[in-house]
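Enquirer: Dropping the structure in here first, questions after.
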Amino acid sequence: MKETTAMDKITEEMLEYVCDKICRHPGEAACLDNLCCICAECEMSKHMCDILNEYNQLNDFEKTQCCDLLARLGAEQEKHRWIPVSERLPEEMERVLVTGQYGEVHTAYRDAEGWHLAINGLLYASHPLAWMRLPEPYEPVD
């Protein structure tokens, strides 16, 4: 036996409403068997099913779009978060933002010698706790 879903219940209620309020056949049918044969071929029933199928397809599309949007948002947030140096380090010579042990924020890079301030190349005196990739440079739009 097929399990009744919420959509099945909604469909049944809608079709009952349509049959009771719009369809002229229930008043014309002499017996229930004749009515079942008429309803099986009913254009209104087919039309209602098409509407509900279209609704379901649109909802699935919207869910897919939302999931894609959330995934892109998550990826974007990941690109712009503070990454603890204990978790991982940036590539050597990659300019990044660093936050030091005293809360200061600088642009810096690292090499075999250690961390350097990007502005003058001097060895960074503080020990960075975390780093973050720099945003893309501004490009004017025509």
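Enquirer: Quickly run through the stretch 73-95 and pick out the residues that are within 14 Å of PRO135 (Cα to Cα) and more than 29 Å from the chain's Cα centre (by Cα).
Expert: Those that are within 14 Å of PRO135 (Cα to Cα) and more than 29 Å from the chain's Cα centre (by Cα): GLU94, ARG95.
Enquirer: Oh, and also: May I ask you to list the residues in the stretch 55-95 that are at pLDDT below 70 and either part of a loop (DSSP other than H, G, I, E, B) or among the hydroxyl-bearing types (Ser, Thr, Tyr) (or both)?
Expert: THR64
Enquirer: Under the condition of being assigned to a loop (DSSP other than H, G, I, E, B), under 33 Å from the mean Cα position of the chain (by Cα) and modelled with pLDDT of 90 or more, which residue from the stretch 96-137 is nearest to HIS80 (Cα to Cα)?
Expert: Result: LEU134.
Enquirer: A further question on this structure: Do we find that HIS80 is buried (at least 16 other Cβ atoms within 10 Å of the Cβ) and in contact with a strand residue (DSSP E or B) (Cβ under 8 Å, 6 or more places away or on another chain) in this structure?
Expert: no
Enquirer: Something else: Could you give me the residue pairs with C-beta distances under 6 Å whose first residue belongs to the stretch 105-126 and is more than 17 Å from LEU89 (Cβ to Cβ), whose second residue is polar (S, T, N, Q) and part of a strand (DSSP E or B) wherever it lies, and which are 6+ apart or on separate chains?
Expert: Between residues of the stretch 105-126 that are more than 17 Å from LEU89 (Cβ to Cβ) and residues that are polar (S, T, N, Q) and part of a strand (DSSP E or B), the close pairs are VAL105/THR99.
Enquirer: Let me ask another. For the stretch 89-142, name all the residues that are farther than 23 Å from LYS79 by Cβ and of a type in the set (S, T, N, Q).
Expert: Those that are farther than 23 Å from LYS79 by Cβ and of a type in the set (S, T, N, Q): GLN101, ASN120, SER126.
The values are calculated or read from the model by the stated rules, or taken from the named source; none is laboratory data. Remember, predicted model here, so these are calculated numbers, not experimental data. Note that we place each Cβ from the backbone using ideal geometry, even for glycine, and neighbour counts take in every protein chain shown.
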